[in-house]
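Read through the structure below, which is laid out as structure tokens, and then see the notes.
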Amino acid sequence: MTKPLRIALAGLGNVGAGVVKLLDTNAALIERRAGRAIEIVAVSARDRSRDRGVDIARFAWADDAADLATRDDVDVVVELVGGSDGPALTLARATLAGGKSFVTANKAMLAHHGLELADAAEAKGVALKYEAAVAGGIPVIKGLREGAAANEIQHVFGILNGTCNYILSTMESAGRDFGDVLAEAQALGYAEADPSFDIDGVDAAHKLSILASLAFGAKVDFGSVAITGIRDVKAADIAEAAALGFKIRLVGLGEATAKGLVQRVHPCLVPVDHPLAHVTGSLNAVVAEGNYVGRLLFQGRGAGEGPTASAVVADLIDIARGEYGPAFGMPVASLAAMPAAPAGERLGRAYLRFTVVDKPGVLAELTAAMRDAGVSIESLIQRGPAADGGVLIVLVTHEGPERSVAHALEKLEGSPSLTAAPMWMHILEA
């Protein structure tokens, strides 16, 4: 009889407990698909006495998660602790150095240390798997690394953070402002007490850097991701976007160009007939475009106990079958060190929102700044007094280099006509 795959589990929060439940509930099915049983032999967490709704007394306990890496009765370590450094990274390094495979849901650690860990896994001939790190239960990592492996990927983009998507789509459906909806999301458990990583776009940027590496065969380069979160999106922006035929979503976009790699996470205006416009609530979606396969759309639940546990166990099934493969789709030595493309060279349309004092000459000042910077205006809307004072003016530009828009905004910086900083959102054309 084939020996079971023996795993150790670090982290027994919602996802960790979900992994235990899933392995218990679907044990027979998983064994048939994996070709052998998958069994937890040891666990570690901060609080041994906490009730998690699962029986952990049957497993060996380690007070220090790093001890799991050195156990002789463990084949694979699963890390669900989180954090880019600290105990999670210590455990990852020790596990791979000891010749054991490693499964993680930790996008921050992969964004910062993924190349090092992938190199260590290759050196030992073991697996580094992380399907759960990006888009929860959606099999986008496997889809890009395996299903679309024969394609040159031209773009990869999507909605990568469920908290931001919940906030924006609720603002859209209820006509409420950001702060109000954020407080509700925190009360419902969709947003953390400190939601900065989510609403400032950092979580989505971690995921985008991983997707860009897989899509373009590039070294992971989180430091080159341009990031703008959703704190400054107002209910007025949602309403203006709707009037123009768009919805606002936080979009992570990666593109390989002749001048380098574009990676950015920004709130975008998405056409109402685009697939991403219909992704609401806490759902995630990723679009990839290959030169032979065409457009691929991956959509589903991007977080939560069940979907994330499902992705973790799918990785364990791969390992049980002996399906390893390089972590980022090709050996680390084959990944290209792609420079960051100059962001201003990208062509596109822009949505610009200004809150200005109500006096003659302000509109002429704005349009003159656009003219002098070489920005062509497609439409201009002026509204009555804004909720926070001043007059609201919205410009939509024709397609042009983004550096021109940046130059126009530089010309207006410090103008006494502006009562608040302008809001610049890209219009998604892909």
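The values are calculated or read from the model by the stated rules, or taken from the named source; none is laboratory data. Computed from a predicted structure; not experimentally measured. For neighbour counting, all protein chains shown are included, and Cβ atoms are generated from backbone atoms with ideal geometry for every residue, glycine included.
General observations
- Restricted to strands (runs of 3 or more DSSP E) entirely inside segment 332-430, those with at least 3 residues that are at pLDDT 95 or above and closer than 30 Å to Ser213 by Cβ are 423-427.
- For Leu12: the one exception among (1) more than 28 Å from the chain's Cα centre (by Cα); (2) not in a helix (DSSP H, G or I): (1)
- Screening segment 159-210 for helices (runs of 4 or more DSSP H) wholly inside it with 2 or more residues that are of a type outside the set (D, E, K, R) and within 16 Å of Lys247 (Cα to Cα) returns the ranges 162-174.
- Leu188 being crowded, with 21+ Cβ neighbours inside 10 Å and either in contact (Cβ under 8 Å) with a residue 24 or more places away in the chain or more than 17 Å from the chain's Cα centre (by Cα) (or both): no
- Residues that are surrounded by fewer than 23 Cβ atoms within 10 Å (Cβ to Cβ), touching a residue at least 40 places away in the same chain (Cβ under 8 Å) and touching a Lys or Arg at 6+ places or on another chain (Cβ under 8 Å), drawn from segment 216-233: Ala226
- Filter pass, Ser282 being of a type in the set (S, T, N, Q) and either in contact with a Leu (Cβ under 6 Å, 6 or more places away or on another chain) or within 30 Å of Asp119 (Cβ to Cβ) (or both): no
- Just one residue in the set Ser334, Ser376 is touching a His at 6+ places or on another chain (Cβ under 7 Å) and loosely packed, with under 15 Cβ neighbours inside 10 Å; that residue is Ser376.
- Hits in segment 211-220 (condition: among the hydrophobic types (A, V, I, L, M, F, W, C) and either in a helix (DSSP H, G or I) or outside the structural domain of Cys268 (by TED's automatic domain parsing) (or both)): Leu211, Ala212, Leu214, Ala215, Phe216
- Members of segment 15-32 found to be charged (D, E, K, R) and over 24 Å from Ala303 (Cα atoms), listed by number: Glu31, Arg32
- Residue within segment 282-289 that is crowded, with 24+ Cβ neighbours inside 10 Å and among the polar types (S, T, N, Q) present: yes
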